[in-house]
Amino acid sequence: MHPNHNYQLTLKWTGNKGKGTESYRSYDRNHDILIDNKVIIKGSADPTFHGDKSAHNPEDLLLASLSACHMMSYLHVCVKNGIVVTDYIDNATGIMKVNDDGSGQFIEVTLHPIVTITDEKFLAKANELHFEANKLCFIANSVNFPVKHIAESKI
């Protein structure tokens, strides 16, 4: 039996411009994400939803979490399979649907990892391992939409 892992952060709204939520435009969506001993993450809403385009929004952070988790799972399975990775970059994309009632949800994320390895004989295996990594990814296992992969491996 593996122990549970617990996480904690503080989110502090910083968008009160003096009148609180008196009206829809009287406040900013800005906030700080505070995690002990880590850099403060400046957050806001997506600009479409009256947010600050220079700050991270929840949608960005969800996409980043999926991409980062997949990368870490992928590097793990590469080590287990004797594949040496020397570079990894992912240009992840996500689609969020907004419903008529104003609610919304992600309907799909596609990861586009480009992986550089040291041995040509492992190119096919390096691409296959994205499926195993996806099965291991904690974040991908926590979402209710497909996380797809269009991977490329190279020397």
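Derivation of every value follows stated rules applied to the coordinates shown; laboratory data play no part. Quick caveat: nothing in here was measured; it's all calculated off a predicted structure. Methodologically, a virtual Cβ is constructed for each residue, glycine included, from the backbone with ideal geometry; neighbour enumeration extends over all protein chains shown.
Here is how the numbers come out for the structure above:
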{"quantity": "Leu123/Thr48 FRET efficiency (R0 35 Å; Cβ-Cβ; nearest 0.05)", "calculated": "0.30"}
{"quantity": "For segment 5-14, Karplus couplings with θ = phi - 60° (6.51, -1.76, 1.60), whole Hz, Gly/Pro x", "calculated": "10, 10, 10, 8, 8, 10, 10, 10, 5, 10"}
{"quantity": "The chain, helix-only ellipticity at 222 nm - DSSP H runs n ≥ 4, -39,500 (n - 2.57), divided by all residues, nearest 500", "calculated": "-8000 deg cm²/dmol"}
{"quantity": "Distant-in-sequence amide H partners of Ser153 (H built 1.01 Å from N, under 5 Å)", "calculated": "Val115"}
{"quantity": "Formal net charge of residues neighbouring Val109 (Cβ-Cβ distance under 14 Å; K, R +1; D, E -1)", "calculated": "-2"}
{"quantity": "Centroid-to-centroid separation of segment 89-115 and segment 11-68 [C-alpha atoms, Å]", "calculated": "19 Å"}
{"quantity": "Segment 103-155: projected area of the alpha-carbon convex hull, averaged over directions, in nm²", "calculated": "4.0 nm²"}
{"quantity": "Residues with amide H under 5 Å from that of Gly15, placed H, sequence gap 5 or more", "calculated": "Asn30"}
{"quantity": "Sequence of Asp87, Asp32, Asp101 once ranked by neighbouring C-beta atoms within 10 Å, starting from the fewest", "calculated": "Asp101, Asp87, Asp32"}
{"quantity": "For Ser65, Ser26, order by how many other beta-carbon atoms lie within 10 Å, fewest first", "calculated": "Ser26, Ser65"}
{"quantity": "Lysines with Cα under 24 Å of Lys42, excluding same-chain neighbours fewer than 8 positions away", "calculated": "Lys12, Lys17, Lys19, Lys53"}
{"quantity": "Check: the chain dipole with +1 on Lys, Arg Cβ and -1 on Asp, Glu Cβ, in debye", "calculated": "240 debye"}
{"quantity": "Ratio Rg/Rh, restricted to the chain and using Cα atoms, in which Rh is the Kirkwood radius", "calculated": "1.06"}
{"quantity": "Added length on full extension, which subtracts the Cα-Cα distance from 0.36 nm per residue, Val84 to Leu9", "calculated": "23.5 nm"}
{"quantity": "Karplus-derived HN-Hα couplings along segment 91-103 (A = 6.51, B = -1.76, C = 1.60, θ = phi - 60°), whole Hz, x at Gly and Pro", "calculated": "9, 6, 10, x, 10, 10, 9, 9, 8, 4, 7, x, 6"}
